[in-house]
Amino acid sequence: MTYAPRLFHFLENLAQNNDRAWFAANRQEYDELRAFWIADLQRLIDCMKEYEPAFRYLEAKECLYRIYRDTRFSPDKTPYKTYFSALISPTGRHCDRACYYFHQGADECALYGGIWMPEGNVLKKLRKAILDNLDEFNDIISKPELQKYFPGWEGRKLKTAPQGYDRNHPQIELLRLTEYGKAHYLKREFFDNPNWPEEAAKLFKLLKPLNDFINYSIDE
C-alpha cells in the first residue's frame, strides 16, 4: 500500500475545507505527504534522465509548484490548490518551451506534454515548421503508442483560420491550434502501484519526439 489513498483523502478534505485554519490544523499531515510526493517526483525525474540527458542535475524541488494559490486577480479567493503539481524541464518549473507537466489532484490526475500558451511569434514559427516538415510531424504524432495513451490535442484553438492562412487549408485543424499539447489522464489506482514513478516515466517518454520537434523548431 502506498501513501496515495492518504494523499487523495487529504486533498478531498482540503477541497471541502479550503481555509487557513483547517490547513494549519492539518499542516503536519500535509508536510508528511508532501515529503513522500517529492521523493517520488525525484524518482520520476531520475528515470527520465535516461532519455532526457538535460535533466542530469535536475532536482524535484526545482520543478514543483507551491500549494498556495495566487488570488490577487482571481474571483476565487480560496487560498490553496487541491492538487500537487510539477513542471519538468531542464530549467525546472520556469519554462517557456515544450516540457512535461504532472498533475495529481482531488478531481484530476494527468501527465501532460508539449507547449502551452506560447507567445505569438513562437506560435507562428511552430505553424510554419509543422507545414515545412509535415511528413516528419505526422510521423511523430501518428505513432500507435502515442495515439493510444495521448490521443487528440489538449488546449485552446482558434474558431477560424489564423491570420495569413486560408480557412480551407488542408491542415487547418493543426493551424487553428494555439497550444500543441497532449495529455494522458490517470485513474487513482495508477498510484497504488509503488512503481508508479517508473511507469509515468515510460509514458512521458512517448512525448519526447513531439517535445524535441517543438523545441528544435523554436531554436532553428
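The values are calculated or read from the model by the stated rules, or taken from the named source; none is laboratory data. Keep in mind the model is a prediction, meaning the values are calculated, not measured. With ideal geometry, Cβ positions are generated from the backbone for all residues, glycine too; neighbour counts draw on all protein chains shown. In case anyone asks, the SASA skips ligands and DNA or RNA and just uses the protein heavy atoms, side chains included. Shrake-Rupley method; radii C 1.70, N 1.55, O 1.52, S 1.80 Å.
With the checklist (1) open to solvent by 50 Å² or more (accessible area, probe 1.4 Å); (2) among the charged types (D, E, K, R); (3) in contact (Cβ under 8 Å) with a residue 24 or more places away in the chain in hand, flag the one item residue 182 doesn't pass.
(1)
Would you mind telling me which numbered condition in (1) in contact with a Ser or Thr (Cβ under 8 Å, 6 or more places away or on another chain); (2) in contact (Cβ under 8 Å) with a residue 60 or more places away in the chain; (3) of a type in the set (D, E, K, R) residue 69 fails?
Unmet for residue 69, out of (1) in contact with a Ser or Thr (Cβ under 8 Å, 6 or more places away or on another chain); (2) in contact (Cβ under 8 Å) with a residue 60 or more places away in the chain; (3) of a type in the set (D, E, K, R): (2).
For segment 148-171, which residues satisfy the criterion of being surrounded by 13 or more Cβ atoms within 10 Å (Cβ to Cβ), over 25 Å from the mean Cα position of the chain (by Cα) and not small (Gly, Ala, Ser)?
162, 165, 169, 171 - these are the residues of segment 148-171 that are surrounded by 13 or more Cβ atoms within 10 Å (Cβ to Cβ), over 25 Å from the mean Cα position of the chain (by Cα) and not small (Gly, Ala, Ser).
Only residues that are touching a Leu at 6+ places or on another chain (Cβ under 7 Å) and surrounded by fewer than 15 Cβ atoms within 10 Å (Cβ to Cβ): list them for segment 129-147, please.
Selection gives 145 alone.
Show the residue pairs that are 6+ apart or on different chains and have beta-carbon atoms under 7 Å apart, the first residue being within segment 14-37 and at pLDDT below 95, the second being open to solvent by 70 Å² or more (accessible area, probe 1.4 Å).
none
If you take the residues in segment 56-111 that are within 20 Å of residue 5 (Cβ to Cβ) and modelled with pLDDT under 95, which one is most open to solvent (accessible area, probe 1.4 Å)?
107
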